[in-house]
Amino acid sequence: MTRTASLTWDGVTARRMARSHLTQPAERAGPADIAAALCGVHAQILTAAELSIGRRIAGATRADVHAALWEERSLVKTFGPRGTVHLVAAADLPMWTGALSALPSSVPRHPDPVRFTPEQSEEVIGAIDASLADGPLTVDELTAAIRDRAGPWAVDETMDAFQVKWPRWRQLTSTAAHRGVLCFGPARGRNVTYTNPRTWLPGFRPADGDRAVQTLLRRYLHAYGPATPQHFAKWLAIPPRDAAELFDASAEVLEPVEFDGQQAWVVAGDTATPEELHRGVRLVPYFDAFVVAGQPRERLFPAAAATRALAGGQAGNYPVLLVDGVVGGVWHQRRSGRSIDITVEPIGTLSAKQRRQLADEVELVGAVIEGRPTLTVGPVTVGAHA
């Protein structure tokens, strides 16, 4: 009988830090490699995504991320896990669209007067697909094009959003992205644009759904395992029952392990952890994948860290200070021209060595976002997502 491997929290933390390129910045990776390793980079705040990626590549700046996104097109900005904006490797977009269109939708249901019927949804998604075939359109331009193709009912301003009413079709933006007919194009001044990935990335086609979901599960477990179906479900915002069924269907390629006294899963054969435990401090921005995807959350945000750095139980609303791979404080930056004032609020007392490491981290942040940083250690007075 095969003995079940036993993994400790400290060993798994060291493994996740290394695989997330937080132990050492990667020497020979590009932005798309980092996005692939992290299983996507949250980009509701694009500057945070630029820092998430840039700090993981030796010598990189936000300009490298910008070039990968809009010039090389090795990155693509789209709606990813949880229906939120992400940067993903362009080479991974077939997997993401195949998987997310096959998994249960994480998009909130709208009330009857606003919600489309399934038939209406198909008609609107078809209109989006056709309208974007010739290149990027602003939201207003796309709204007009959908009206012309589907009719006024598709664009009625009935959808509540940020104290205003949005055109009805916008409830389908993430669904259209998951179906592979919409992604972000380059901004036009201050206006967002959308385009069709089949024209933006020639040769693109969504992958087969079942194979794509299996690939996504293995990629997630490589980066953030050991994990349970509940952890995977939380990451994707899908029902835990569906995640459990997926784990059961993938049993041949998964391996159960004992993780910190509980059962969890890794990709079969992937039980190794680094010989040396991770020690050091790191600064990661809003919604960094390491803290959003990492579980169990009570170990990643121990004791006072949960109270200080989680907002309603949600990770990512604060940029965080990692101390030995777990959340040990919050931080905030205020920029004026090239000057960047960085305030770091540790939860405990930092040693002299950790203070020196923190100073190095601040310099790294400044280099990535192309500014001159100054460090203040003290209370962060702004609220979540400020």
Inset, instruction - Test Leu364 against the criterion of being closer than 28 Å to Pro302 by Cβ, more than 23 Å from the chain's Cα centre (by Cα) and not β-branched (Val, Ile, Thr), and give yes or no. - result: no
Inset, instruction - For the range 138-163, enumerate the residues that are surrounded by fewer than 17 Cβ atoms within 10 Å (Cβ to Cβ), charged (D, E, K, R) and not in a loop (DSSP other than H, G, I, E, B). - result: Asp140, Glu141, Asp148, Arg149, Glu157, Asp160
Inset, instruction - Look at the range 218-228 and say how many of its residues are touching a strand residue (DSSP E or B) at 6+ places or on another chain (Cβ under 8 Å) and assigned to a helix (DSSP H, G or I). - result: 4
Inset, instruction - Just need a number here: residues in the range 273-284 that are over 19 Å from Arg297 (Cβ atoms) and either open to solvent by less than 40 Å² (accessible area, probe 1.4 Å) or not polar (S, T, N, Q) (or both). - result: 8
Legend entry - Every residue from the range 175-208 that is under 16 Å from Thr138 (Cα atoms), within 20 Å of the chain's Cα centre (by Cα) and part of a helix (DSSP H, G or I): Ala176, Ala177, Pro197
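To keep it simple, each residue is scored yes or no on (1) under 18 Å from Ser101 (Cα atoms); (2) touching a Ser or Thr at 6+ places or on another chain (Cβ under 7 Å).
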{"site": "Gln171", "(1), (2)": "yes, no"}
{"site": "Ser174", "(1), (2)": "yes, no"}
{"site": "Arg188", "(1), (2)": "no, yes"}
{"site": "Pro202", "(1), (2)": "no, no"}
{"site": "His222", "(1), (2)": "no, no"}
{"site": "Gln230", "(1), (2)": "no, no"}
{"site": "Pro239", "(1), (2)": "yes, no"}
Inset, instruction - Hey, can you tell me all the residues within the range 164-207 that are touching a residue at least 40 places away in the same chain (Cβ under 8 Å) and open to solvent by 70 Å² or more (accessible area, probe 1.4 Å)? - result: Arg179, Arg188, Asn191, Arg198, Arg205
Inset, instruction - Evaluate the range 85-96: report whether one residue or more is open to solvent by 50 Å² or more (accessible area, probe 1.4 Å) and farther than 19 Å from Ala223 by Cβ. - result: no
Inset, instruction - Name every residue in the range 53-72 that is open to solvent by less than 10 Å² (accessible area, probe 1.4 Å) and in contact with a Ser or Thr (Cβ under 8 Å, 6 or more places away or on another chain), in order of residue number. - result: Gly54, Arg56, Ala68
Inset, instruction - Go through the residues of the range 348-366 one by one and say whether even a single one is surrounded by fewer than 19 Cβ atoms within 10 Å (Cβ to Cβ), modelled with pLDDT of 95 or more and in a strand (DSSP E or B). - result: no
Inset, instruction - Report whether or not Ala315 is of a type outside the set (Ser, Thr, Tyr) and open to solvent by 30 Å² or more (accessible area, probe 1.4 Å). - result: no
Inset, instruction - Hey, could you check the range 376-386 for residues that are open to solvent by 70 Å² or more (accessible area, probe 1.4 Å) and at pLDDT 95 or above and say which is nearest to Arg335 (Cα to Cα)? - result: Thr376
Legend entry - Count - residues of the range 112-125 that are touching a residue at least 24 places away in the same chain (Cβ under 8 Å), part of a helix (DSSP H, G or I) and open to solvent by 40 Å² or more (accessible area, probe 1.4 Å): 2
Inset, instruction - For the range 296-311, indicate whether the set of residues that are assigned to a strand (DSSP E or B) and open to solvent by less than 60 Å² (accessible area, probe 1.4 Å) is non-empty. - result: yes
Legend entry - Enumeration of residues in the range 229-272 that are over 16 Å from Thr4 (Cβ atoms), open to solvent by 20 Å² or more (accessible area, probe 1.4 Å) and not in a helix (DSSP H, G or I): Ala237, Pro239
Legend entry - In the range 357-379, the residues that are without any contact (Cβ under 8 Å) to a residue 60 or more places away in the chain and aliphatic (A, V, I, L, M): Ala359, Leu375, Val377
Legend entry - Residues within the range 4-52 that are open to solvent by less than 10 Å² (accessible area, probe 1.4 Å), in contact with a strand residue (DSSP E or B) (Cβ under 6 Å, 6 or more places away or on another chain) and β-branched (Val, Ile, Thr), tallied: 1
Inset, instruction - Please name all residue pairs, on different chains or six or more residues apart, with Cβ atoms under 8 Å, provided the first residue is in the range 332-356 and is within 19 Å of Pro285 (Cα to Cα) and the second residue is of a type in the set (Lys, Arg) and open to solvent by less than 80 Å² (accessible area, probe 1.4 Å). - result: Glu345/Arg308; Ile347/Arg308
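The values are calculated or read from the model by the stated rules, or taken from the named source; none is laboratory data. Since the model is a prediction, treat every value here as computed from it, not as a measurement. Positions of Cβ are generated from backbone atoms using ideal geometry, with glycine treated the same way; all protein chains shown enter the neighbour counts. Heavy atoms of the whole protein, side chains included, go into the accessibility calculation; ligands, DNA and RNA do not. Shrake-Rupley method; radii C 1.70, N 1.55, O 1.52, S 1.80 Å.
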